[in-house]
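Take a look at the structure set out below.
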Amino acid sequence: GDFIEVNGYISAVSTLGPILTDNGGSILIYLGTDLAIGDEVTVSGTISAYNKGFQIAASSATVEKTGTTTVTYPTPVELDGAAMEALLTSRTENDYAQFVKFTGTPSVGNYINIIMEGTEAAQGSIYGATDEVKAMFTDGQEATIYGYFCSISSGKYINVIVVSVDEAPAIGGGDEGETSA
């Protein structure tokens, strides 16, 4: 419910909105825009939450593009099936987006879900996949996904906004904390 203004840059895009990153961390702006990775922006809006993930509410968000920058990603948190399964029960509070990496087998249909070894319940789910992201996946062909874990849906899907598949993006190290307000 807090109203914030954040100066940051776009670090990922999806059909549901971009990921905004600043020195404190990353958050989904739940707002379809024509922004691209590397766009510097000032975003004003109200913090809301959906499926255990913080976001800036579409109804209140205003976005002003102020420039461009080169994006370097933090060292990803590596998830295997057991770690994804643990997220289903350990993420009891709303939280900010987290940069992750995981490898699994895509099931491509109306949605792209990632079948993980070592879990009975958890699956990766590609959240708001653009046509460009959809083209990166082949049904049944193992893939390594880099992106932002932003929410959990239906009690089993670890929703991730994709940055890259099978090729590591520019990693600059460091950790992400909470998005500053």
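Computed over protein heavy atoms with a 1.4 Å probe, the carbon and sulfur contribution to the accessible area of the chain reaches 43%. Taking Gly140, Gly45, Gly128 as the candidate residues, the one with maximal mean-square fluctuation in a Gaussian network model of the chain, Cα springs under 10 Å, is Gly140. Sorted largest first by accessible area at a 1.4 angstrom probe radius, with every protein chain in place, the residues Asp131, Asp39, Asp80 fall in the order Asp131, Asp80, Asp39. Shown in residue order for region 26-31 are the 3J(HN,Hα) couplings computed by the Karplus curve 6.51 cos²θ - 1.76 cosθ + 1.60 at θ = phi - 60°: 9, 8, 6, 9, 7, 6 Hz (x for Gly and Pro). Remark: relative contact order (the chain) = 25 percent; criterion is Cα-Cα distance under 8 angstrom and separation of 6 or more residues.
The long axis of helix 81-90 is offset from the longest Cα principal axis of the chain by roughly 50 degrees. Note that region 66-181 presents 51 Å² accessible area per residue, ligands and nucleic acids not counted, probe 1.4 Å.
Residues Ser90, Ser60, sorted by accessible area with the largest first, give Ser90, Ser60 [1.4 Å probe; ligands and nucleic acids excluded]. With all projection directions averaged, the alpha carbon convex hull of region 1-71 covers 4.3 nm².
For region 110-163, list log₁₀ I(q)/I(0) at each q in 0.23, 0.30 Å⁻¹, using the Debye formula over Cα point scatterers of equal strength and ignoring solvent, two decimals each. Here the Debye-derived log intensity ratios amount to -0.92, -1.43. Amide H to amide H, with H built 1.01 Å from N, Gly53 comes under 5 Å of Asp95, Ile152, counting only residues 5 or more places away or on other chains.
Computed over every Cα-Cα pair of region 1-132 and binned at 5 Å starting from 0, the pair-distance distribution P(r) comes out as 2, 10, 18, 21, 20, 15, 9, 4, 1, 0 percent.
The values are calculated or read from the model by the stated rules, or taken from the named source; none is laboratory data. For clarity, every value in this text was computed on a predicted model and none was experimentally measured. Only protein heavy atoms, including side chains, enter the accessible area calculation; ligands, DNA and RNA are left aside. Shrake-Rupley method; radii C 1.70, N 1.55, O 1.52, S 1.80 Å.
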